[in-house]
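**Q** Have a look at the structure that comes next, please.
The values are calculated or read from the model by the stated rules, or taken from the named source; none is laboratory data. All values reported here derive from a predicted model rather than from experimental measurement. Heads up, the Cβs are rebuilt from the backbone with ideal geometry, glycines too, and the neighbour counts pull from every protein chain shown.
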Amino acid sequence: MTELASTITQKQRLASIDLVRGIVMIIMALDHTREFFHVDASLFNPTDLTKTTTVLFFTRWITHFCAPTFVFLSGLSAGLSLQRKSKKELSWFLFTRGLWLVLIEIVVMRFGFTFQFYYDITFFEVIYTIGVSMITLSVLVYLPQQLVLVIGLVLIFGHDALTAVRLAPGDSGYTLWTLTVQPGFIPLAEGSGIFVSYPLIPWLGIMLAGYGAARLYTHMESGRRKKILRLSGIAAILLFVFIRYTNVLAPLDAWAVQDSAWFTFLSFINCTKYPVTVLFTLMILGPIMILLSFTENARGWFTEKATVFGRVPLFYFIVHFYVLHVAALATHLIVSGKSLKDIDLHVNAGLGGIGPGVGYPLIWTYIVWAVVVIALYPLCRWYNRFKSTHTYPWLSYL
């Protein structure tokens, strides 16, 4: 292969990763829009089959693809970085970027979620777990990529066994167990604490699997890589269907026959995310691997637009969250006739000043989602061009 052809192939495969990441970033905004604007967002889980509708169910369910895909692609991107970084350089970058992401979660994203600095409750969400996973990966990069892949798969398939051990506040090891295995609340002082939605181990497994999968892009030609991605994706889906049908993981992640065949199907695909189970991971990453195999040569208007979001994911993530929260709170104040002094920003009072039952029909979720994504595109395109034409070290952290 000539040097030019090799460069073109490399750009195509990297563009496919950016495209898939961009697609899930666009979808992700739908769930955050729902949380801020839908009238029932704080009243019940949209995947609760006793209360939901088909449209509301899939409004939430489709966004399940976002976090696992983003974590997997973060690991994949780290693995690809070995083409231009030494292991020592990559280790230092992952360590410092991981610390930066934890700081962003605790300060920037927490404020974007609550609009206050009371620190009554601090949330450890997906940015936190990506950060801690990167810190862990910064040590594991000195191992062979194949071994890191094996470790990742062991964590993915073995994590469910750990969740059988349930600890309560006050039990020895509860804090560490909550941070690594079991979602829950860690009390710190009276009226304050940390709520862990994304414990480390299952998500670390997904990142390590992505890091190991990078060898498909660095040690394999395109045709064979696409075939392996498709076969792996199909295998993951079939394994999901087989394990799910047997209900072998009940009661951890069970499905049940419902009043109609359609709702029985919804129950079948309604896998547990908190904590993320092996079924949830297979259900999501199977289709994503297939999608990766079909997007290396993707072209067109949508591909161009979605790729822009995929190239500036953290920038887009932070900005879109603030835009949605400001818009939702401003709308609430205008509609209700209240002023900011009437708003209680404590976490137990609602979502950043928006209390339970405040919101609008689901159609407005989709309208606001589309408006926000379209409005943010020019800003993300500008930032992408800025990153592409400047070499400031801090740009690799945002």
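**Q** Given the criteria touching a residue at least 60 places away in the same chain (Cβ under 8 Å), among the hydrophobic types (A, V, I, L, M, F, W, C) and farther than 30 Å from residue 214 by Cβ, does residue 255 qualify?
**A** No.
**Q** Restricting attention to segment 235-250, and to residues there that are of a type in the set (Gly, Ala, Ser) and surrounded by 13 or more Cβ atoms within 10 Å (Cβ to Cβ), which single residue is farthest from the chain's Cα centre (by Cα)?
**A** Kept after step one, since they are of a type in the set (Gly, Ala, Ser), are these residues of segment 235-250: 235-236, 250.
Next cut, surrounded by 13 or more Cβ atoms within 10 Å (Cβ to Cβ) only: 235-236.
Working: 235: 23, 236: 19 Å.
Of everything passing the filter in segment 235-250, 235 is farthest from the chain's Cα centre (by Cα).
**Q** Among the listed residues 266, 282, 292, identify the single one that is of a type in the set (A, V, I, L, M), at pLDDT 95 or above and over 27 Å from residue 228 (Cβ atoms).
**A** On the way: 282 fails: over 27 Å from residue 228 (Cβ atoms); 292 fails: over 27 Å from residue 228 (Cβ atoms).
Just one listed residue meets the conditions, 266.
**Q** Now, a different point. Output yes when any residue across segment 30-38 is in contact with a Gly (Cβ under 8 Å, 6 or more places away or on another chain) and under 25 Å from residue 282 (Cβ atoms), and no when none is.
**A** No, segment 30-38 contains no residue that is in contact with a Gly (Cβ under 8 Å, 6 or more places away or on another chain) and under 25 Å from residue 282 (Cβ atoms).
**Q** Can we say residue 27 is surrounded by fewer than 18 Cβ atoms within 10 Å (Cβ to Cβ), under 20 Å from the mean Cα position of the chain (by Cα) and part of a helix (DSSP H, G or I)?
**A** Yes; evaluated as a whole, the condition is true for this residue.
**Q** Let me ask something else. Can you pull out every residue in segment 81-93 that is within 11 Å of residue 145 (Cβ to Cβ) and either within 16 Å of the chain's Cα centre (by Cα) or not basic (Lys, Arg) (or both)?
**A** Hit for segment 81-93 is 82, nothing else.
**Q** On to the next question. Select from segment 281-315 the residues that are aromatic (Phe, Trp, Tyr) and crowded, with 22+ Cβ neighbours inside 10 Å and list them in ascending order. Lay out the reasoning, then the answer.
**A** Going residue by residue through segment 281-315, those that are aromatic (Phe, Trp, Tyr) are 294, 301-302, 309, 315.
Hit for segment 281-315 is 309, nothing else.
**Q** In addition: Farther than 28 Å from residue 147 by Cβ, of a type in the set (D, E, K, R) and out of contact with any strand residue (DSSP E or B) (no Cβ under 7 Å at 6 or more places or on another chain) - does that describe any residue in segment 223-233?
**A** The answer is no, given that none of the residues of segment 223-233 is farther than 28 Å from residue 147 by Cβ, of a type in the set (D, E, K, R) and out of contact with any strand residue (DSSP E or B) (no Cβ under 7 Å at 6 or more places or on another chain).
**Q** Could you grab the pairs with beta carbons closer than 6 Å, sequence gap of 6+ or different chains, first residue in segment 361-375 and touching a residue at least 40 places away in the same chain (Cβ under 8 Å) and of a type in the set (S, T, N, Q), second one surrounded by 13 or more Cβ atoms within 10 Å (Cβ to Cβ) and part of a helix (DSSP H, G or I)?
**A** 365/33; 365/34; 365/37
**Q** What is the one condition in (1) more than 30 Å from residue 289 (Cα to Cα); (2) under 19 Å from the mean Cα position of the chain (by Cα); (3) touching a residue at least 24 places away in the same chain (Cβ under 8 Å); (4) surrounded by 17 or more Cβ atoms within 10 Å (Cβ to Cβ) that residue 195 does not satisfy?
**A** Unmet condition: (4).
**Q** Which ones in segment 159-180 are under 27 Å from residue 286 (Cα atoms), touching a helix residue (DSSP H, G or I) at 6+ places or on another chain (Cβ under 8 Å) and at pLDDT below 95?
**A** Within segment 159-180, 159, 160, 162 meet the criteria.
**Q** Could you tell me which residue of segment 151-192 is surrounded by the most Cβ atoms within 10 Å (Cβ to Cβ), considering only residues that are in contact with a Leu (Cβ under 7 Å, 6 or more places away or on another chain) and among the hydroxyl-bearing types (Ser, Thr, Tyr)?
**A** Within segment 151-192, the match that is surrounded by the most Cβ atoms within 10 Å (Cβ to Cβ) is 163.
**Q** Here are some residues: 260, 222, 232. Which one is in contact with a Lys or Arg (Cβ under 8 Å, 6 or more places away or on another chain), surrounded by fewer than 20 Cβ atoms within 10 Å (Cβ to Cβ) and either on the phi < 0 side of the Ramachandran plot or not charged (D, E, K, R) (or both)?
**A** That would be 222, the only listed residue that is in contact with a Lys or Arg (Cβ under 8 Å, 6 or more places away or on another chain), surrounded by fewer than 20 Cβ atoms within 10 Å (Cβ to Cβ) and either on the phi < 0 side of the Ramachandran plot or not charged (D, E, K, R) (or both).
**Q** Before we move on, is residue 90 free of Cβ contacts under 8 Å to residues at least 60 places away in the same chain, surrounded by fewer than 18 Cβ atoms within 10 Å (Cβ to Cβ) and not acidic (Asp, Glu)? Don't jump to the end; show me each part of the working.
**A** Details: free of Cβ contacts under 8 Å to residues at least 60 places away in the same chain: yes; surrounded by fewer than 18 Cβ atoms within 10 Å (Cβ to Cβ): no; not acidic (Asp, Glu): yes.
For residue 90, the condition - free of Cβ contacts under 8 Å to residues at least 60 places away in the same chain, surrounded by fewer than 18 Cβ atoms within 10 Å (Cβ to Cβ) and not acidic (Asp, Glu) - is not met.
**Q** Then there is this: Given the criteria crowded, with 16+ Cβ neighbours inside 10 Å, closer than 19 Å to residue 207 by Cα and modelled with pLDDT of 95 or more, does residue 128 qualify?
**A** The answer is yes for residue 128.
**Q** Taking segment 325-351 as the search range and keeping residues that are touching a Leu at 6+ places or on another chain (Cβ under 9 Å), closer than 26 Å to residue 29 by Cβ and free of Cβ contacts under 8 Å to residues at least 60 places away in the same chain, which one is surrounded by the most Cβ atoms within 10 Å (Cβ to Cβ)?
**A** If we filter segment 325-351 for residues that are touching a Leu at 6+ places or on another chain (Cβ under 9 Å), which is where we start, we get 325, 328-329, 333, 339-340, 342-343.
Of the ones still in play, those that are also closer than 26 Å to residue 29 by Cβ are 325, 328-329, 333, 340, 343.
The next check asks that each one be free of Cβ contacts under 8 Å to residues at least 60 places away in the same chain; those that pass are 333, 340, 343.
Details: 333: 16, 340: 10, 343: 19.
Filtering segment 325-351 for residues that are touching a Leu at 6+ places or on another chain (Cβ under 9 Å), closer than 26 Å to residue 29 by Cβ and free of Cβ contacts under 8 Å to residues at least 60 places away in the same chain, the one surrounded by the most Cβ atoms within 10 Å (Cβ to Cβ) comes out as 343.
**Q** Next question, about the same structure. From the set of residues in segment 282-312 that are out of contact with any Gly (no Cβ under 8 Å at 6 or more places or on another chain) and among the β-branched types (Val, Ile, Thr), which is nearest to residue 198 (Cα to Cα)?
**A** 284
**Q** Residues that are touching a Ser or Thr at 6+ places or on another chain (Cβ under 8 Å), loosely packed, with under 15 Cβ neighbours inside 10 Å and not aliphatic (A, V, I, L, M): does segment 9-24 have at least one?
**A** If we filter segment 9-24 for residues that are touching a Ser or Thr at 6+ places or on another chain (Cβ under 8 Å), which is where we start, we get 9, 12-13, 15-22, 24.
Remaining after also requiring loosely packed, with under 15 Cβ neighbours inside 10 Å: 12.
Of the ones still in play, those that are also not aliphatic (A, V, I, L, M) are 12.
Yes, segment 9-24 has at least one match.
**Q** Of all residues in segment 201-219 being among the β-branched types (Val, Ile, Thr) and touching a residue at least 60 places away in the same chain (Cβ under 8 Å), which is surrounded by the fewest Cβ atoms within 10 Å (Cβ to Cβ)?
**A** For segment 201-219, the residue satisfying everything is 218.
**Q** Restricting to segment 46-75, give me the number of residues that are among the polar types (S, T, N, Q) and either exposed (fewer than 15 other Cβ atoms within 10 Å of the Cβ) or at positive phi (or both).
**A** Here is the first cut: in segment 46-75, the residues among the polar types (S, T, N, Q) are 47, 50, 52-54, 59, 63, 69, 74.
From the residues that got through so far, the ones that are either exposed (fewer than 15 other Cβ atoms within 10 Å of the Cβ) or at positive phi (or both) too are 50, 53-54.
Total satisfying the criteria: 3.
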